[in-house]
Amino acid sequence: MAPDEGFSPRVPRLLSSRRDTPHRNERVANSGAALSHKGRGHKYVPRASQHLPCYNIPRMRGAFLHTLFDIAAWLAAAAAVYWLARQGLQFPAQSFELPYIAALVFGAGIGAYLFGSANLWLSGQSGIARSVEGALAGGIVAIELYKWSAGIAARTGARFALPLALGIAIGRLGCYFAGLDDFTYGTPTALPFGHDFGDGVLRHPVQLYESAAMAVFAIVFASA
């Protein structure tokens, strides 16, 4: 049977090649534009839509999880101190005295907020932030100043290695769940394991990197 006049056999759009779909053409054009900008010296920022799906964590839930992991970190550190005592390890008696502990807490707190906030301000952002590295540096400086003023020459920091490692390993998970509000996210990346913290930009999950590194250190330390 001859086809009707005016009939033009065409492949339906749903069965046509993906190369002809307008959405794909638009994605290709956008990708080419991004690459051309990259070649001209512009910084290429990978978007989550180009890689992994976005799993956003609500702010209140993130802050709540951060608090829970902070509490868990302190409990883990206390458990590590108890475990070390059960192992029969001997530490200088001065490291258990109240002035020593007060200097440690005060120095760590000042260092955490000073370093964290300074890093935030230097990045052109306003606000108050904390830094694990700042807490560590502040605690060390405060303890050494106290030891110098009290005439203590013995080394007193060895008993904090395992509790600190466990605390960071657990606490940094809370930073990860807090997302952008914690100000500790990584730099943009095009790697497939980049994480979108809610703004559509894939970033290195540096919180998980640090958590894993401290967990490995704690295992090695406890096994030695």
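The values are calculated or read from the model by the stated rules, or taken from the named source; none is laboratory data. Quick caveat, the model's predicted, so the values are computed rather than measured. Please note: Cβ atoms are built from the backbone with ideal geometry, for glycine as well, and neighbour counts cover all protein chains shown.
Some points to look at:
- Residue under evaluation PRO192, criteria (1) touching a residue at least 40 places away in the same chain (Cβ under 8 Å); (2) surrounded by 16 or more Cβ atoms within 10 Å (Cβ to Cβ), criterion not met: (2)
- For the residues LEU202, LEU166, LEU191, the requirement of being assigned to a loop (DSSP other than H, G, I, E, B) and either farther than 21 Å from ASN119 by Cβ or not assigned by TED's automatic domain parsing to the domain that holds ALA72 (or both) singles out LEU191.
- Every residue from the range 120-153 that is assigned to a helix (DSSP H, G or I), of a type outside the set (Asp, Glu) and surrounded by fewer than 17 Cβ atoms within 10 Å (Cβ to Cβ): TRP121, LEU122, ILE140, VAL141, LEU145, TRP148, SER149, ALA150
- Qualifying residue in the range 212-219 (condition: more than 30 Å from GLN87 (Cα to Cα) and touching a Lys or Arg at 6+ places or on another chain (Cβ under 8 Å)): no
- Hits in the range 205-223 - residues which are surrounded by 14 or more Cβ atoms within 10 Å (Cβ to Cβ), under 11 Å from the mean Cα position of the chain (by Cα) and in a helix (DSSP H, G or I): VAL206, GLN207, LEU208, GLU210, SER211
- Exactly one residue out of GLY200, GLY157, GLY186, GLY194 is at pLDDT 85 or above and farther than 22 Å from SER126 by Cα, and it is GLY194.
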